[in-house]
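Q: Please read through the structure below; I'll follow up with questions.
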């Protein structure tokens, strides 16, 4: 089995023992011989850390890029999506908990090399690869190797991430990443501690780093009744995004549906989403509403003149009126990557 394993990046050996300390994410797990870290996929074998999930995807699919969601990055194009098992968070509302909370081998994952992933994208006429569904940070080595090859072939790379990654590995990865959607789960440290078993500040630092990079950035916030649906907090979050990252960063406010350990909570009321949308629009130029059928919350409008620019239905682009990155009516520049 050892020849299948990939030695992990970003770890150090602890002096005087066989323990290692993983440095890929802010958990900085100290891992004993034979054990894995919190993510269940990075294992200490003989005093070395290995990425057991390397080249072992549990999911490969083709999605519209809007489903990531990315609304200002090559709209209307298809993207090859891949994931492995494992995650460095333990969100009580995780929609993919069957794979995010699983161990390597739970689904008899086949070996699919980075070269084979890139070849598949080319064969399927996908101009992009997304590292998604679970957390790309915990299949970092697989993402990095695949992204490097994809870049060489003219394929763009997208991460859909919880943002819980240490600065050094993030900066290295961003050399090869073209776009990111970061799940900002709440603008509340207590929420992160209780619902995700993580911390807020490292995610905010990740957002700052991506905003300063060449990668396109969008943010998703799932609004959960009684837990993170405070309109004042959403106003605070939107103000922070505008001040720290820029008013042109798109924010996707999405509807919660009862699931996993939060199945006792109701779906997010439409009126809550409407209020959140209106409050966020006070600070941000591009705000969207997801997981619910609303016309206004799906479309892209010019922030200067209000012209309808991109019409969408069920994650599909019906019409795109943006010309040369500009509004056809007032000629204002529309933030995004359009070609």
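The values are calculated or read from the model by the stated rules, or taken from the named source; none is laboratory data. Since the structure is predicted, the reported quantities are computational estimates derived from the model, not experimental observations. Cβ placement follows ideal geometry from the backbone for every residue including glycine, while neighbour counts extend to all protein chains displayed.
Q: Return the only residue of 292, 223, 219 being surrounded by 18 or more Cβ atoms within 10 Å (Cβ to Cβ) and closer than 21 Å to residue 75 by Cα.
A: Going through 292, 223, 219 in turn, the sole match is 219.
Q: Has the range 128-137 got any residue that is in a helix (DSSP H, G or I), surrounded by 24 or more Cβ atoms within 10 Å (Cβ to Cβ) and touching a strand residue (DSSP E or B) at 6+ places or on another chain (Cβ under 9 Å)?
A: So far as the range 128-137 goes, yes, one or more of its residues are in a helix (DSSP H, G or I), surrounded by 24 or more Cβ atoms within 10 Å (Cβ to Cβ) and touching a strand residue (DSSP E or B) at 6+ places or on another chain (Cβ under 9 Å).
Q: When the residues of the range 261-289 are filtered to those that are assigned to a helix (DSSP H, G or I) and exposed (fewer than 15 other Cβ atoms within 10 Å of the Cβ), which remaining residue is farthest from the chain's Cα centre (by Cα)?
A: The qualifying residue farthest from the chain's Cα centre (by Cα) is 271.
Q: How many residues does the range 163-191 contain that are under 30 Å from residue 263 (Cβ atoms), outside any strand (DSSP E or B) and in contact with a helix residue (DSSP H, G or I) (Cβ under 7 Å, 6 or more places away or on another chain)?
A: Residues that pass the stated criteria total 8.
Q: Give the residue that is modelled with the highest pLDDT, with candidates limited to residues of the range 290-304 that are within 15 Å of residue 66 (Cβ to Cβ) and assigned to a strand (DSSP E or B).
A: 300
Q: Please go through (1) outside any loop (DSSP other than H, G, I, E, B); (2) under 21 Å from the mean Cα position of the chain (by Cα) for residue 228 and return the number of the only condition it doesn't satisfy.
A: (1)
Q: Against the definition (within 19 Å of the chain's Cα centre (by Cα), in the same structural domain as residue 167 (by TED's automatic domain parsing) and part of a helix (DSSP H, G or I)), how does residue 241 come out, yes or no?
A: Against the criterion (within 19 Å of the chain's Cα centre (by Cα), in the same structural domain as residue 167 (by TED's automatic domain parsing) and part of a helix (DSSP H, G or I)), residue 241 qualifies.
Here is a yes/no grid of residues against (1) surrounded by fewer than 19 Cβ atoms within 10 Å (Cβ to Cβ); (2) outside the structural domain of residue 73 (by TED's automatic domain parsing); (3) within 19 Å of residue 247 (Cα to Cα); (4) without any contact (Cβ under 8 Å) to a residue 60 or more places away in the chain:
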| residue | (1), (2), (3), (4) |
| --- | --- |
| 305 | yes, yes, yes, yes |
| 314 | yes, yes, no, yes |
| 319 | yes, yes, no, yes |
| 325 | yes, yes, yes, yes |
| 328 | yes, yes, no, yes |
| 332 | yes, yes, yes, yes |
| 335 | yes, yes, yes, no |
| 338 | yes, yes, yes, no |
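Q: While we're on this one: Restricting to the range 73-102, name every residue that is surrounded by fewer than 22 Cβ atoms within 10 Å (Cβ to Cβ) and in a loop (DSSP other than H, G, I, E, B).
A: 74, 75, 76, 77, 90, 92, 93, 94, 95, 96, 101, 102
Q: So is residue 24 at pLDDT 95 or above, touching a strand residue (DSSP E or B) at 6+ places or on another chain (Cβ under 8 Å) and in the same structural domain as residue 202 (by TED's automatic domain parsing) or not?
A: no
Q: Right, another one. Checking the condition touching a strand residue (DSSP E or B) at 6+ places or on another chain (Cβ under 7 Å) and within 27 Å of residue 297 (Cβ to Cβ), which residue from 182, 117 passes?
A: Being touching a strand residue (DSSP E or B) at 6+ places or on another chain (Cβ under 7 Å) and within 27 Å of residue 297 (Cβ to Cβ) holds for just one of 182, 117, which is 182.
Q: Now a separate question. If only one of 105, 47 is out of contact with any helix residue (DSSP H, G or I) (no Cβ under 6 Å at 6 or more places or on another chain), farther than 30 Å from residue 336 by Cβ, outside the structural domain of residue 180 (by TED's automatic domain parsing) and surrounded by fewer than 19 Cβ atoms within 10 Å (Cβ to Cβ), which one is it?
A: None of the other options fit; the residue is 47.
Q: Related question: Among 194, 199, which is the only one that is surrounded by fewer than 21 Cβ atoms within 10 Å (Cβ to Cβ), assigned to a loop (DSSP other than H, G, I, E, B) and in the same structural domain as residue 285 (by TED's automatic domain parsing)?
A: Criteria check complete, one pass: 199.
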